[in-house]
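The values are calculated or read from the model by the stated rules, or taken from the named source; none is laboratory data. Small disclaimer: the values here were computed from a predicted structure and weren't measured. Cβ: placed from backbone, ideal geometry, glycine included. Neighbour counts: every protein chain shown.
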Amino acid sequence: MIIAIPDDYHGVVHQLDCLAKLSGHEVRIFRDVAPASDRLIANLREAEIVVPVRERTRFTRAIIEHLPRLKVFSQTGRSTHHIDVAACTGRGIVVTCGTNASPYTVAEHTWALILSSLRRLPEETAMMRRGEFRQSFSGTLHGRTLGIFGLGKIGKLVAATGASFGMRVLVFGRDASISAARASGYGVAAGKAELFEQSDVLVLMVRLTSATRGAVTAEDLARMKPTALFVNTARAELVAPGAMVAALKSGRPGRAAVDVYENEPVLLGDHPLLGLDNALCTPHTAWLEQDTYEMYFGEAFDNILAFIGGKPVNIVNPEVLGRR
């Protein structure tokens, strides 16, 4: 089988131990960053199986129709919203996905952003190299309020770490988040307004759906303290378009730390947040960690082998199996 892996622009897939599972097959790894459609199609035209790297490429009907040999999309991770599954089903293409997800890497990265931002670590490093000294205080966590918008698996890890620093944890979200907060002894905000008004550090941990898109509005951000930090390691689309940049320019909140963007990857520094001194930005690398890659790709490769062996598993569009 010819197995293609696009979007490995970090150049790390070849380092994975689990890649040995595909021994005996022709594996083609492409490092192009956001290639144009014609380049993407040219790269994948001969592929019988494509392994998308998370959601880096949208596989539209137009692209799928130009991949004549494609039999399987074996998705890394659980999300397949970037693949036109209906188009795949119409073409008899099987779509498989993962069943596991690690909350730890995102939780760890979230705290790396919080501590780096409040303690001004990037600025301190740059100033030290220049022989300069910062002439302002950094922030601290003990006794402050940690707001969690969405207390799921990742949110629970973030909240527990905050509590260990002596922070007051305040939660807002759906019923499951509220129940989890009460079970853990955390505070529950009476509403979204209270969460934004009281948080010294506010972490966005909501899953992106049609209902949550744009859930954080300009009015919400304007309620935050001028000393507060807003953190988003979930999805950029959870915040209303343009609201984050405008809020930071107006000084409420005082700072932001983000790992997610509306259009990824961000190329040539072309994002308005990168022009702001009060924004700490990382290029959606929270999950760029070997154990996590081994888990996601290992399961994607297992799904491939199950399909080749005639016992497909984790199928998103099982109705296609009867056609095949």
What are the pairs with Cβ atoms under 8 angstrom where one residue, in the range 116-127, is within 17 Å of GLY254 (Cα to Cα) and the other, located anywhere, is hydroxyl-bearing (Ser, Thr, Tyr) and part of a helix (DSSP H, G or I)? Sequence gap at least six, or different chains.
PRO122/SER116
Residue count for the range 67-114, restricted to those that are assigned to a loop (DSSP other than H, G, I, E, B), among the polar types (S, T, N, Q) and under 17 Å from LEU305 (Cα atoms):
3
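I'd like the full set of residues that are of a type in the set (Lys, Arg) and surrounded by 14 or more Cβ atoms within 10 Å (Cβ to Cβ), limited to the range 172-187. Give the derivation first.
First, pick out the residues of the range 172-187 that are of a type in the set (Lys, Arg): 174, 182.
Across the range 172-187, the qualifying residue is only ARG174.
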Evaluate the range 254-261: report whether one residue or more is surrounded by 15 or more Cβ atoms within 10 Å (Cβ to Cβ) and of a type in the set (Ser, Thr, Tyr).
yes
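Restricting to the range 3-20, what's the tally of residues that are in a strand (DSSP E or B) and surrounded by fewer than 16 Cβ atoms within 10 Å (Cβ to Cβ)?
Our first condition is that a residue be in a strand (DSSP E or B); within the range 3-20, this holds for 3-5.
Subsequent filtering for residues that are surrounded by fewer than 16 Cβ atoms within 10 Å (Cβ to Cβ) retains none.
Result for the range 3-20: 0.
On the given criteria, is GLU219 surrounded by 15 or more Cβ atoms within 10 Å (Cβ to Cβ), among the charged types (D, E, K, R) and at pLDDT 95 or above?
Values: surrounded by 15 or more Cβ atoms within 10 Å (Cβ to Cβ): no; among the charged types (D, E, K, R): yes; at pLDDT 95 or above: yes.
It is false that GLU219 is surrounded by 15 or more Cβ atoms within 10 Å (Cβ to Cβ), among the charged types (D, E, K, R) and at pLDDT 95 or above.
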Subset of the range 278-316 [at pLDDT below 95 and aromatic (Phe, Trp, Tyr)]:
TRP287
Is it the case that the range 84-102 has a residue that's buried (at least 17 other Cβ atoms within 10 Å of the Cβ), of a type in the set (Asp, Glu) and closer than 30 Å to ARG255 by Cα?
no
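So, in the range 273-308, of the ones that are hydroxyl-bearing (Ser, Thr, Tyr) and over 21 Å from PRO253 (Cβ atoms), which residue ends up surrounded by the fewest Cβ atoms within 10 Å (Cβ to Cβ)? Explain how you work it out, then say what you get.
Here is the first cut: in the range 273-308, the ones hydroxyl-bearing (Ser, Thr, Tyr) are 282, 285, 292-293, 296.
Now drop any that are not over 21 Å from PRO253 (Cβ atoms), which leaves 285, 292-293, 296.
Working: THR285: 11, THR292: 19, TYR293: 21, TYR296: 24.
Selected residue: THR285.
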What about SER23, is it in contact with a strand residue (DSSP E or B) (Cβ under 8 Å, 6 or more places away or on another chain) and surrounded by fewer than 18 Cβ atoms within 10 Å (Cβ to Cβ)?
no
Close pairs (6 angstrom Cβ cut-off, 6 or more residues apart or separate chains): over 17 Å from GLY251 (Cβ atoms) in the range 223-238, part of a loop (DSSP other than H, G, I, E, B) and among the small types (Gly, Ala, Ser) anywhere
THR233/ALA286; LEU238/ALA215
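Is it the case that some residue within the range 37-44 is part of a loop (DSSP other than H, G, I, E, B) and not hydroxyl-bearing (Ser, Thr, Tyr)? Show your work before the answer.
Applying the first criterion (part of a loop (DSSP other than H, G, I, E, B)) to the range 37-44 yields none.
No, the range 37-44 contains no residue that is part of a loop (DSSP other than H, G, I, E, B) and not hydroxyl-bearing (Ser, Thr, Tyr).
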Return the total of residues in the range 21-33 being farther than 12 Å from LEU305 by Cα and out of contact with any Phe, Trp or Tyr (no Cβ under 8 Å at 6 or more places or on another chain).
5
